Amino acid sequence: MTLRGPRRGSLLPCRTAPKATAKRGPLCSRALRGVERGGRNWTAARRKDSLQRVLGGSRSDAKRLQQRLKQLIASWDSDALDEAPSDLAPFDAAAPVGDVAPMVVAEASPAPVSMAWSRVAAELGATVQAALPSSEARSREVAERLAQLQARIAADGPDGVVEDVAQACTEAQRVLQHRQHLTNQLGGLCQELTEGLADLSEDDSWVKGQCEVMRSQLFESDGGLTARGVRSVSQLLLGTRERQQELRAARKAARDALKDSIHEMLDEIASLGAQTGRFSSQLDGYADEIDRAESLESLAGTVRQMVAESRAVHEGVSQAQARLALEHSRSAEMQARVVELEDEIRRLSDEVSTDPLTQIANRRGLQQAFETEQAKNQRAAQGEGATLAVALIDIDNFKKLNDRLGHASGDAALQFLTHRVAQALRPGDTLARYGGEEFVVLLPGTPLDEAQRVLTRVQRTLSAELFMSDEQGQVFVTFSAGVSLYRPGERLEQSLERADEALYEAKHSGKNRTCAA
């Protein structure tokens, strides 16, 4: 038989006994078909290179050649994640091959390498490569080296590559340690920024609540920084920043109006002062005229002028007093408005336990409900009360919905979702808005599979009822969910972290579904 090698145009003659040829024919056919298919780690070039190694190193030993071909093909198949199962040919499928030349089988054959090595190397290699950041050149180099070592293990077995694998793993550890150091540095930066918010704010009470939540989410978790904590803080800061910007703008407008009122009052006082100053000068003139008066008529005329001028001054003073009183009233109103807005900013920082849009518990209310259920769970040694399911819900494509239909439609979708989920829950369950389009459901006394079924039923109902439309057509509103079970003694964030992992799985497996952690 003649096998076509991995390099174009190269033919590797093989002599084999007729019986062995019949057994190896399908195996060689599968190797030829598989060499052109690429995978995540096994690219077409690597497959050709590894096949060349196997054929070149075992051409004199038919049994070893067959064993190593099986190992190599198994490693290829375990990596063929980009192909549908139907695309993978069966082991015994027939395919045309080149002309067959006889091959002599050697008697001696070393012990075959366990096929498990190929699978172990593939799994470990894929895991480490997934952990390495693809955005860095050094990480890509390490990943490429690990892939090459994986190909060598699949082709030749683990012998002779131990030192190379150890060096590659050391390099991978350095990269990952550097990434961990970078994460710790970013955590320290976040902590410094959090502590500096109060110093940068005009009034530290305006950001006190946000700082407490940020510290709780970012730095008090047992596992350090988490993606869920960072995302929660980002949503918190986005919402509070928008609201505080509105309040600060209104407060600035009120302060500017108060300043304008004060300036008007000062102008009135200055005008009144100028008017009374002129009257004082006129009085001096009237005194001189009275001294020079020689007749009763001239004296009476001077007195009439004095009375008329006095009345004009009195009228001006009265009008100025009225305007000053009005400005004083406006100033008092503006001052009260400024105080009211400052109090509103403080209340925003120390938010209550109800979300204003959906009228369900917010993050603070959720924490209170969780602490209540946690206490019940601690008191219950066993039975229904010892089980608490924690679900995390996230509306699918919510940002696109907002961008397409507007924030009013997004708010309406949040309200409708809240209403439908609340209808499906029991009186003792808790539904809370965690932030943005994320909601948390506490289901006491509910096993994990039952909690998953509850949310799946809600998803089906929502998919049939909640849709919006514009000139581009209908927009169906769905949500994905992740469910976990509370473990005694853990914090709410730890339960939510596992639920978030399940939610991530639901998002990346098609959305509009519920996955359990």
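Each value in this text was obtained by applying a stated rule to the coordinates, not by laboratory testing. Keep in mind that what you see is a predicted model, and the values were worked out from it rather than measured. We place every Cβ from the backbone using ideal geometry, glycine too, and count neighbours over all the protein chains shown.
With each pseudo-label sitting 7 Å past Cα toward Cβ, what's the Gln282-Asp164 distance in nm, one decimal?
The two pseudo-label positions are separated by 11.0 nm.
Rounded, prolate or oblate, given the Cα gyration tensor of the range 363-516, with a/c below 1.5 counting as rounded?
Prolate, since a/c reaches 1.5 and a/b exceeds b/c.
What are the residues whose amide H is under 5 Å from the amide H of Tyr434, where those residues sit 5 or more places off or on another chain and H is modelled from the backbone?
When sequence neighbours closer than 5 places are left aside, the close amide H contacts are Phe439, Val440.
Note down the magnitude of the dipole of the range 363-516 about its Cα centre, charges +1 on Lys and Arg C-beta and -1 on Asp and Glu C-beta and zero elsewhere, to the nearest 20 debye.
Charge dipole of the range 363-516: 220 debye, to the nearest 20.
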